[in-house]
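Participant: Here it is, the structure in full.
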Amino acid sequence: MDSFSQYIDSNIDKKFDILTILRDDQERAANSNRIKSIIKIASQRWNISNTDTKPLNTSFVNRRNRSFLLDEKSKQIKQAKLVITDRLHGLILARAQGIPVILFNNADGKIVNLYNTWLKDDEGILIGDQFDTSQIYDWAKRNMGKTIAPINMEANFTDLIRNIEKVFHD
């Protein structure tokens, strides 16, 4: 199993306060209007940038360039003091780098299922669906720019990785 830590560059300056990594497809959060409203309120105080974890051209990702693409996306996420996302990879890449995350569930529920199964004790994640706007704002204010103990990919997901490998090797 490769170590995820090889993709993390800790010498990157924070360029923006909040990075949003939000879906724009059929799996996007059912409450996407609420998320837009929260972002609009936050933009009155903080510098916000947007990205996605999905390459524009998925045929572009291959064995030769996937490490480079992962490194580039990790560097981009590392420039944020806080991430707002409804994407699985946005959650994992941010928390693996100690960046706090306001997490919203996507349409099929997989994001909160992953959180409940593997990450429910992570203090760096707030489930935005469970709080009102003022509580989300207060949490963001308290945690923005803090490095909150990053998730340990190997420790938290070893069982999952082994099960996946087993399926593909049997």
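The values are calculated or read from the model by the stated rules, or taken from the named source; none is laboratory data. Since the model is a prediction, treat every value here as computed from it, not as a measurement. Note that each Cβ is placed from the backbone with ideal geometry, even for glycine, and that neighbours are counted across all protein chains shown. Accessible surface is based on the protein model in full, side chains and every heavy atom, while ligands, DNA and RNA are left aside. Shrake-Rupley method; radii C 1.70, N 1.55, O 1.52, S 1.80 Å.
Participant: Can you tell me the length gained on complete extension of the stretch Phe16 to Ser32, counting 0.36 nm per residue apart and subtracting the Cα distance?
Facilitator: 3.6 nm
Participant: Continuing with the same structure: Would you mind computing, in nm to one decimal, how far apart the modelled labels at Gln130 and Asp24 are, each placed 7 Å from Cα along Cα→Cβ?
Facilitator: 3.0 nm
Participant: Let me ask something additional. Along the charge dipole of the chain, pointing to its positive end and built from +1/-1 on Cβ of Lys, Arg, Asp and Glu, which listed residue (Thr133, Ala96, Ile111) has its Cα farthest out?
Facilitator: So the residue we want is Thr133.
Participant: Right, next: Separation between the Phe60 and Ile161 pseudo-spin-labels, each 7 Å from Cα along Cα→Cβ, expressed in nm?
Facilitator: Rounded to a tenth, the inter-label distance reads 2.7 nm.
Participant: Per residue, how much accessible surface does the chain expose to a 1.4 Å probe? Answer in Å², no decimals.
Facilitator: 59 Å²
Participant: Sum up the lysine pairs in the stretch 41-113 that clear both bars: alpha-carbon distance under 19 Å and a spacing of 8 or more or different chains.
Facilitator: 5
Participant: Can you give the Rg to Rh ratio of the stretch 79-132, both from alpha-carbon atoms, with Rh computed by the Kirkwood formula?
Facilitator: 0.92
Participant: Rounded to the nearest 20 Debye, what is the dipole magnitude of the stretch 91-163 about its Cα centre when Lys and Arg each give +1 and Asp and Glu each give -1 at the C-beta?
Facilitator: Dipole about the Cα centre, nearest 20: 180 debye.
Participant: Leaving out ligands, DNA and RNA, and with a 1.4 Å probe, what % of the accessible surface on the chain is carbon or sulfur?
Facilitator: Carbon with sulfur: 47 percent of the solvent-accessible area.
Participant: Order the peptides 148-155, 95-102 from the highest to the lowest mean number of other Cβ atoms within 10 Å of their residues.
Facilitator: 95-102, 148-155
Participant: Still on this model: Which aspartates and glutamates have a Cα lying under 16 Å from the Cα of Lys15, excluding residues fewer than 8 positions away in the same chain?
Facilitator: In chain and number order, the partners are Glu72.
Participant: Also, quick follow-up: Please get the size of the charge dipole for the chain, origin at its Cα centre, with Cβ charges of +1 on Lys and Arg and -1 on Asp and Glu, quoted in debye to the nearest 20.
Facilitator: Using Cβ point charges on Lys, Arg, Asp and Glu, the chain gives about 520 debye.
Participant: What relative contact order, as a whole-number percentage, does the chain give when Cα pairs under 8 Å and 6 or more residues apart are counted?
Facilitator: Reported relative contact order: 25 percent.
Participant: Ok, one more. From the Cα gyration tensor of the stretch 95-170, with a ≥ b ≥ c the square roots of its eigenvalues, which class applies: rounded if a/c is under 1.5, or else prolate if a/b is larger than b/c, or else oblate?
Facilitator: oblate
Participant: Enumerate by residue number the trypsin sites (Lys or Arg not before Pro) in the stretch 100-170 meeting two conditions: DSSP loop (anything except H, G, I, E, B), and at most 14 other Cβ atoms within 10 Å of the site's Cβ.
Facilitator: Lys120, Lys146
Participant: So, one more: Based on the Cα atoms of the chain, what semi-axes does the equivalent ellipsoid have, where each is the square root of 5 times one gyration tensor eigenvalue, given in whole Å with the largest first?
Facilitator: 25, 18, 17
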